[in-house]
Amino acid sequence: MSKKKRESFFWTSYSDLMTSMFFVMLTLFVLAIALLHREVVNIGKERDAMGKERDATKEELAKINEIRQAVQSIDSTYFDYNDEYKKHILKTIVKFHTGSADINDLDQSTKDELNAVKVSISKFMGKLYEKDKSASYLLVIEGQASKDAYSYNNQLSYERALSLFKFWFPDQKETTLRFENYPCEVVIAGAGCMDGKPRAENNADNQRFLIQIMPKPGIIDEQ
C-alpha cells in the first residue's frame with residue numbers, strides 16, 4: 001500500500017471516529033439536559049407543594065386562633081374565664097354530700113341553674129357551628145373537689161363531672177360522648193383537689209366544675 005493510500009485511510013478512519021464521538025457526546029448532552037429539566041420540574045413541584053402546605057398551615061392556625069378567641073366570649077352570666085389555664089369556671093355553687101357524686105344532692109335551684117348552663121353552652125356551640133361548619137371541638141367537663149379527709153377525691157371529682165353530663169343528657173348511651181348534635185366530643189375529667197389548677201381561696205368553693213372548649217386537633221377541613 002502506497003504512502004498516499006495509507007494517509008487517506010487514516011484520515012477516513014479518523015473522521016469516522018470523530019463523527020461517532022460527536023454523536024456520542026451529543027446524545028450524552030441531550031440526555032443530561034433532559035435529566036436536568038426533569039429535576040428542575042420536580043423541584044418546582046415540590047416547592048409549589050410546600051408553599052400550598054405552608055399556606056394551609058397558616059390558614060389552619062389562623063382558624064384555630066379565631067376559634068379560641070370566640071370560645072373566650074362564652075356567656076359570662078354563668079362562667080368566669082381563667083386566662084392562665086384557658087378554662088371557664090362555672091359560677092354555679094354545687095354542694096354535694098361528702099363522698100357523694102349524686103346530682104340529687106343539689107337543691108332544685110342549683111339544678112335549674114345547671115340546666116340553664118347547658119342551654120347557654122348549646123346556644124354558644126350553635127354560634128360556633130354557624131360561623132364555621134368545618135370545625136370540630138372538644139368540650140371538657142372537669143370536676144374539682146375541696147381539700148378534706150376524703151381519700152378518693154380524684155375519683156370522686158370525675159364521678160361528679162360524669163353525673164353532670166348524665167344530668168344534661170340522661171338518654172345518651174354512646175361510647176363517644178357528644179354535646180347534642182354538634183361536632184363536639186365531650187371529655188369527662190376529674191382534678192380532685194390537686195394544686196396547680198385554678199383553685200378558689202375558700203376551700204369549700206373548690207367543689208365545682210370547670211368547662212374547657214377547644215378546637216379538636218386535626219379535624220379542621222378545607223371548605
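The values are calculated or read from the model by the stated rules, or taken from the named source; none is laboratory data. The shown structure was predicted, so the numbers you read here are calculated from the model rather than taken from an experiment. So basically every Cβ, Gly included, is an ideal-geometry build from the backbone, and we count neighbours across all protein chains shown.
A few comments on the model shown:
- V119 meets all of the listed conditions (1) over 20 Å from R208 (Cβ atoms); (2) within 27 Å of the chain's Cα centre (by Cα) but one, namely (1).
- Odd one out for E180, checked against (1) under 24 Å from the mean Cα position of the chain (by Cα); (2) of a type outside the set (G, A, S); (3) modelled with pLDDT of 85 or more; (4) assigned to a loop (DSSP other than H, G, I, E, B): (3)
- Scope the stretch 77-98; condition surrounded by fewer than 12 Cβ atoms within 10 Å (Cβ to Cβ) and not charged (D, E, K, R); matching residues: T77, H97, T98
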